[in-house]
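Enquirer: My questions all concern the structure below.
Read-outs throughout are calculated quantities, based only on the coordinates presented, and are distinct from any laboratory measurement. Being a predicted model, the structure only gives us computed values, none of them experimental. Glycine gets a Cβ as well: all are built from the backbone with ideal geometry, and neighbour counts include every protein chain shown.
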Amino acid sequence: MNARAQFGAALGVQAIAAGAAALISGRTWQTLRTPKEFGIDVLPLKGRDIDTAPLAFALVALAGVVAVLATQGWARRLIGYLVAASGVLLAVRSATSIGAVSASTARSLVRDKHKAGTFSSTVIPQVTTHPIWGALSIACAVLVTVAGMTIAVRGGRWAAMSSRYETPSASDDRAVTEASLWTALDRGEDPTAPH
């Protein structure tokens, strides 16, 4: 795989995985069912209601896409390491959010979401987990980590996004030759005519 394909693949994986992780944090990871006077109160908890860190790390990785495009050399490699670190932290925080919240946290969340409701302090909400979302978030985190490490290891050699538009350097003979051909045309000369 050539450098351009590696660059595109790493950025594509990073963008898709980070974006998916951000969306997954908005899915229902747990459901709280609390008995009340007339019936049962059902409170769906999104991933970001349980822990805001996975969303924050996903957004860091998403912002890293733009940063990678805007940098080159050692700066791009540093950003690759930061993206990889955000992927690792995203995996850790997603894993800790898969398990059911504690009884005290569940009661606190129910009281915070339903301030007008009256719930006994002795009532313990029943917690139902939906671990698929946490598992998907971890999978996205692994992809973000792999993309970040690829950028950290190989990104320093990839051309910058704007390098093809820069003024050619004197060391680039082909670019200098092409520039001189255009200069000759601008003067009204035929660069292909024998001298």
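Enquirer: Filter the trypsin sites (Lys or Arg not before Pro) in the stretch 50-159 to those in DSSP coil with at most 15 other Cβ atoms within 10 Å of their Cβ, and list the result.
Expert: Numbers: sites: Arg76, Arg77, Arg93, Arg107, Arg111, Lys113, Lys115, Arg154, Arg157; in loops: Lys115.
Here the trypsin sites (Lys or Arg not before Pro) that fit, given the DSSP loop and packing criteria, are Lys115.
Enquirer: So what's the net charge close to Ala3: Lys and Arg +1, Asp and Glu -1, counting the other residues with Cβ under 10 Å from its Cβ?
Expert: Here the count lands on +3.
Enquirer: A follow-up question, please. For Asp51 and Leu78, what does the FRET efficiency come to when R0 = 22 Å and r is the distance between their Cβ atoms, rounded to the nearest 0.05? Walk me through the intermediate numbers first.
Expert: On the way: r = 27 Å, r/R0 = 1.23.
Rounded to the nearest 0.05, the efficiency is 0.20.
Enquirer: Which of Gln126, Gly47, Ile151 sits closest to the plus end of the dipole of the stretch 3-161, meaning its Cα is farthest towards the positive end, when Lys and Arg get +1 and Asp and Glu get -1 on the C-beta?
Expert: Result: Ile151, furthest along the dipole toward the positive end.
Enquirer: Report ³J(HN,Hα) in whole Hz for each residue of the stretch 83-99, in order, from the Karplus equation J = 6.51 cos²θ - 1.76 cosθ + 1.60 where θ = phi - 60°; Gly and Pro get x.
Expert: 5, 4, 5, 5, x, 4, 5, 4, 5, 5, 5, 5, 5, 6, 8, 6, x
Enquirer: Between 0 and 90 degrees, rounded to the nearest ten: what's the tilt of helix 3-24 against the longest Cα principal axis of the chain?
Expert: 20
Enquirer: At q = 0.13, 0.14, 0.19, 0.20 Å⁻¹, what is the log10 ratio I(q)/I(0) for the stretch 3-161, with the Debye formula run over Cα points and no solvent?
Expert: For the requested q values the scattering log ratios are -0.62, -0.68, -0.98, -1.05.
Enquirer: Okay, moving on. Report the extension gain between Ala100 and Arg154 in nm, rounded to one decimal, defined as 0.36 nm multiplied by the number of residues separating them, less their alpha carbon distance.
Expert: On the way: separation 54, 0.36 × 54 = 19.44 nm, distance 4.01 nm.
Difference between extended and current length: 15.4 nm.
Enquirer: Angle, helix 53-70 long axis vs. longest principal axis of the chain, Cα atoms, 0 to 90°, nearest 10?
Expert: Helix 53-70 and the main axis of the chain meet at about 10 degrees.
Enquirer: Modelled label-to-label distance, Thr31 and Asn2, 7 Å Cα→beta-carbon offset: nm?
Expert: According to this spin-label approximation, the distance is 5.2 nm.
Enquirer: Next up: All other residues with a Cβ under 15 Å from the Cβ of Ile50 taken together, and with Lys, Arg as +1 and Asp, Glu as -1, what is their net charge?
Expert: Numbers: positive: Arg27, Lys46, Arg48, Arg93, Arg107, Lys113; negative: Asp49, Asp51, Asp112.
Once positives and negatives cancel, what remains is +3.
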